[in-house]
Structures are given as C-alpha cells and as structure tokens.
Amino acid sequence: MDENDRVRFPFPRCSTISQSAERRDKGRVEEEKRCEETEERRADEVMESHVSHRQRRVEIAGSDTMLQPANWYPLSKTMAEQHAWEYAKESGLDLVTLCPTMNLGPMLQGNVNDSIMFLINLLKGEKETIQNVIHVIVDVRDVAEASVLVYESSEASGRYICNAHHIRARDLVEILKRLYPHYNYPKQFIDVAHDMHVSSKKLQSLGWSFRPLEETLADAVQCFSERDCK
C-alpha cells in the first residue's frame, strides 16, 4: 500500500452495513462542516488502524466480505475517509488524513479496546498456538504527536501513514518475554506467508519520530497492571 494512494471504495454504500458506520460518517461530516463554518480551513482526520492487517485484507476483498459484521469497524474507517475527501473536494476544505497502524501504549480511556485486548491476550496466552504473522505497530502517544504535527504544518498535504514497527508475532512475544518473563505466552507459532509493509517515510519528512517498541510495550503492560485490565 502506497501512502499516497487514495482509498479504494469499489462498491455503493449499503444502508444495511451498520448503524455505527453511518454514525461515524455523519460525525466526520459534521466536524468538517464546523471547520468550514468557523473558517478553520485545516481539518485533520485520524483514521485509527486504517492500515492494519485486517483493514488491508478488507480493502482488497469483494463486497460480500466487506459486509460481514466482523469487518464493519474497518469498513467504517474506509467510508469515513472516503466521504471526508469527497466533502473536502466539494467545499475547498484543506484536509489532511493520518492513517495509523495498530495503536499500543498506555491507556487514557476506561474501556479495553481491540488493540489493548490483542496485547492482553498475548500476555495471558489466550491461545497456545498462533500464526506468525507480521504486526504493524505504533505508539498511541506518537500518533497523538503526529496528529498535531500534520495539523499545524503548512507543508502537510494528503494522506500520511503513521507506522513505527513491523514485527512477526514470534519476535513480539520474545520481546515481551524478556521484559515480563512470568506471563503465560503462546507456545507455538505457525509460519505463514504474510507480506505487510507500510511506510511512514512521508510523515517522517515532516520531522515525526517514534519511540522504541520496547518502551511502548513496557508502558502498556505497566498501565494494564495498574488498572487491573483482564
């Protein structure tokens, strides 16, 4: 996936996809209209996990796969950005989108989301055997800094992929074991052919940098422990 590629949206919007997808679209449009009405001509869209493994698979799949309930969340991200670009074109709004990969790191919210549960399940050894796929990870704090950067930078334009690390599941577990050896991790890994490469080179050209993966993982696990996440 090239970071300058436009979002592919190969089928008409269907009213049966999900109410959450429709609400996300409406919320984005209302925010863009607010920017226009207040003469705030720069809008920054953060499309969380837009380039995750699941999202990439969904984008290249047929419409039947897109409409499966398990794919409604990434589909809503695709729809939201598509409609944001359409509105920006119609209204003349200066739109910049930030597309992060899987966010890990310390929590602000009170609930456990999919990204956090992914890491918790690794720590708990929820599955003894997992596929040795590539995970693309970025620290949530680096995403926040990137969002401010693309909003404030006069040089920013178009889409920015926000990713820091490509790592196989086995290697990720090995890092966690070194940091926290007493958790019950997956024990077997099934090697699979899996090509996942996304680049944040365009974002880094604006001066963005990211934390080491070990720092992200350590701060995340410490946060889970303090909040007794299960």
**Fill in**
Residues of region 177-221 being in a helix (DSSP H, G or I) and charged (D, E, K, R), in sequence order, are Lys177, Arg178, Lys201, Lys202, Glu214, Glu215, Asp219
**Message:** I need the helices (runs of 4 or more DSSP H) fully contained in region 37-126, keeping only those with at least 2 residues that are open to solvent by 30 Å² or more (accessible area, probe 1.4 Å), at pLDDT 80 or above and under 27 Å from Thr216 (Cα atoms).
**Reply:** 114-124
**Prompt:** In this structure, is Tyr151 closer than 18 Å to Cys223 by Cα and either out of contact with any Asp or Glu (no Cβ under 9 Å at 6 or more places or on another chain) or assigned to a helix (DSSP H, G or I) (or both)?
**Reply:** no
**Asked** So which of Ile190, Ile161, Ile175 ends up being within 20 Å of Pro100 (Cα to Cα) and among the β-branched types (Val, Ile, Thr)?
**Response** Ile161
**Asked** What number of residues within region 99-128 satisfy the criterion of being closer than 19 Å to Ala70 by Cα and small (Gly, Ala, Ser)?
**Response** 1
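The values are calculated or read from the model by the stated rules, or taken from the named source; none is laboratory data. Computed from a prediction, not measured in an experiment: that's the story for all the values here. Neighbour counts are summed over all protein chains in view; Cβ atoms, including those assigned to glycine, are modelled from backbone coordinates with ideal geometry. In case anyone asks, the SASA skips ligands and DNA or RNA and just uses the protein heavy atoms, side chains included. Shrake-Rupley method; radii C 1.70, N 1.55, O 1.52, S 1.80 Å.
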